[in-house]
1. For a protection proxy built on the mean count of beta-carbon atoms within 10 angstrom, sort 14-21, 85-92, 122-129 highest first, please.
2. Identify the trypsin sites (Lys or Arg not before Pro) of region 105-157 meeting these criteria: DSSP loop state and at most 11 other C-beta atoms within 10 Å of the C-beta.
3. Please give me the summed charge of the neighbours of GLU31: other residues whose Cβ is under 9 Å from its Cβ, Lys and Arg +1, Asp and Glu -1.
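What follows is calculated from the coordinates using simple rules that are stated; it is not laboratory data. All of these numbers come straight from a predicted model, not from anything done at the bench. In this analysis, Cβ positions are derived from the backbone assuming ideal geometry, glycine residues included, and neighbour counts consider all displayed protein chains.
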Amino acid sequence: MQLIWLDNQNRRGVYGFYRSYMPYARISRKEQIALLINDVETLSPDSGIKAKQINDDQHTCHYDSDIKAKQIIAAIRLRPIGEFNLLIGMLVHPDHRGKGIGHQVLNGIADKLLSNETYLFALPHLVGFYQNHGFSQDIQAPNDIQQLFDKYTSQDKDLVMMGYIQINN
């Protein structure tokens, strides 16, 4: 398994993955998308989809790859909201849930999380999970984030706003 960041050019496999397991998700070209995928070595180098391979010890290897929905184990998106980021659409394939995959994904994107600049709207049962990764409910969100949160919760969505606070190890 490898964690990769996709570029914005060709996301067909990602759309299929979300359509299958989170059909209400709307992916924007402005979003950064990280995927945990199977079999990086078997991906076609001629497809034109650019991805950044992320290894635990190195974040710089680039290659072209044709990523199919069936190769995706998990996905997560960072959507820019003004000068802030909203962590959205974390999705683990149903066959891989309960195996620590979500923890792997959040650990893998930790270098993209900025203290007091990254927010998420968690389902109530996931608050503890996100707290384990440096998110807190005790935050004052900027106006743009607060307005978006208010919009979602006014639609009877039960969500908890959380902000990333730098973890000191």
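1. In decreasing order of mean packing, 14-21, 85-92, 122-129 become 85-92, 14-21, 122-129.
2. Those that pass, being in a loop and sparsely packed, are LYS157.
3. +4
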